[in-house]
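Trainee: Please find one structure pasted underneath; my questions will follow.
The values are calculated or read from the model by the stated rules, or taken from the named source; none is laboratory data. None of these values were measured; they are calculated from a predicted model. A quick note on method: Cβ atoms are made from the backbone with ideal geometry, for glycine too, and the neighbour counts reach across all protein chains shown.
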Amino acid sequence: MLEVKDLSVSFEDFTVLRNVNLKLDKEVCVVLGPNGSGKTTLLRAVSGIVPYKGSIKINGKEVRSAKGVLEYSTNLQEVYTIGNSAWDTAKIITEIKGGDLKEFLSIIDYFNLDRKVLRKPVYKMSTGQKALVSLALALFTNPQVVTVDEPIENVDVNRRDKVVSLLRERVKEGIIVTHQRELVKAFKEARVYTIVNGELVEGDKMQ
Ligand SMILES: Nc1ncnc2c1ncn2[C@@H]1O[C@H](COP(=O)(O)OP(=O)(O)OP(=O)(O)O)[C@@H](O)[C@H]1O
């Protein structure tokens, strides 16, 4: 269960998000919005990596005080730049969350990625490799709540369908941020929100 109440995020004197409310109980929502509207900031707040006002609870635990909530995962790359390589990062995650490294490799193979990329630090990979590896890191432990930031941007057409299928199969609760209509269509039962002037408004306001 993800519960966001009266969330506001400001940088210096600029308020990016104001009074955002959102409750997810075993459901997925899709968040749209123009460039710079605050989508990634919303996911960063949920990940506890930007200061916020208001309340964000995952299974009743305030994320501000419970960094690394075990049931939660994200593909935000700044979360995955720890460790010397993506493989080291995967090992650290299994130590913390108890996931299975075979599961991680099976997602890498499913994406048809060369396993050699796992020896590189996440920041040295190509943009598309980074997107796919970060997603594999976010999903292989089967977390209950997942936030995903733009999972198919920068991914080639052949792998996009694979990403969408994997998300459909594994993400049962959480937030998907995207600019891509094909992803909105793939999650057609999900509630759609748009960030407009810092507020989270129900519906697709990008049309
Ligand atoms: N750490 C920061 N310090 C200052 N300003 C920031 C910081 N992080 C984000 N911003 C600003 O907050 C606003 C929202 O950024 P954010 O990355 O959340 O947008 P977004 O909706 O994800 O955009 P895009 O669709 O372009 O990825 C932008 O104006 C950005 O410049």
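Trainee: Among the candidates Val145, Val201, which residue alone is of a type outside the set (Phe, Trp, Tyr) and within 30 Å of Lys91 (Cβ to Cβ)?
Mentor: Step by step, each of Val145, Val201 is checked, and only Val145 is of a type outside the set (Phe, Trp, Tyr) and within 30 Å of Lys91 (Cβ to Cβ).
Trainee: Another question, if that's okay. Quick check on my filter: what residues within segment 164-207 are farther than 19 Å from Leu135 by Cα, of a type outside the set (A, V, I, L, M) and touching a helix residue (DSSP H, G or I) at 6+ places or on another chain (Cβ under 9 Å)?
Mentor: Once the filter is applied, which keeps residues that are farther than 19 Å from Leu135 by Cα, of a type outside the set (A, V, I, L, M) and touching a helix residue (DSSP H, G or I) at 6+ places or on another chain (Cβ under 9 Å), segment 164-207 yields only Asp204.
Trainee: Let me ask another. Restricting attention to segment 19-50, which residues are farther than 27 Å from Lys188 by Cα and away from the ligand (no atom under 12 Å from the Cβ)?
Mentor: Gly48
Table: residues versus (1) in contact with a helix residue (DSSP H, G or I) (Cβ under 9 Å, 6 or more places away or on another chain); (2) without any contact (Cβ under 8 Å) to a residue 12 or more places away in the chain; (3) not polar (S, T, N, Q).
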| position | (1), (2), (3) |
| --- | --- |
| Asp13 | no, yes, yes |
| Leu22 | yes, no, yes |
| Val30 | yes, no, yes |
| Ser37 | no, no, no |
| Ser55 | no, no, no |
| Val63 | yes, no, yes |
| Thr74 | yes, no, no |
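Trainee: Same structure, new question: Could you pull out the residue among Ser65, Ser37, Ser55 that is modelled with pLDDT of 95 or more and part of a loop (DSSP other than H, G, I, E, B)?
Mentor: Just a single option satisfies the conditions, and that option is Ser37.
Trainee: Follow-up question, since we're still on this one. Out of all the residues in segment 165-200, which are of a type in the set (Val, Ile, Thr) and within 18 Å of Glu27 (Cβ to Cβ)?
Mentor: Listed by number, the residues that qualify are Val171, Ile175, Ile176, Val177, Thr178, Val184, Val192, Thr194.
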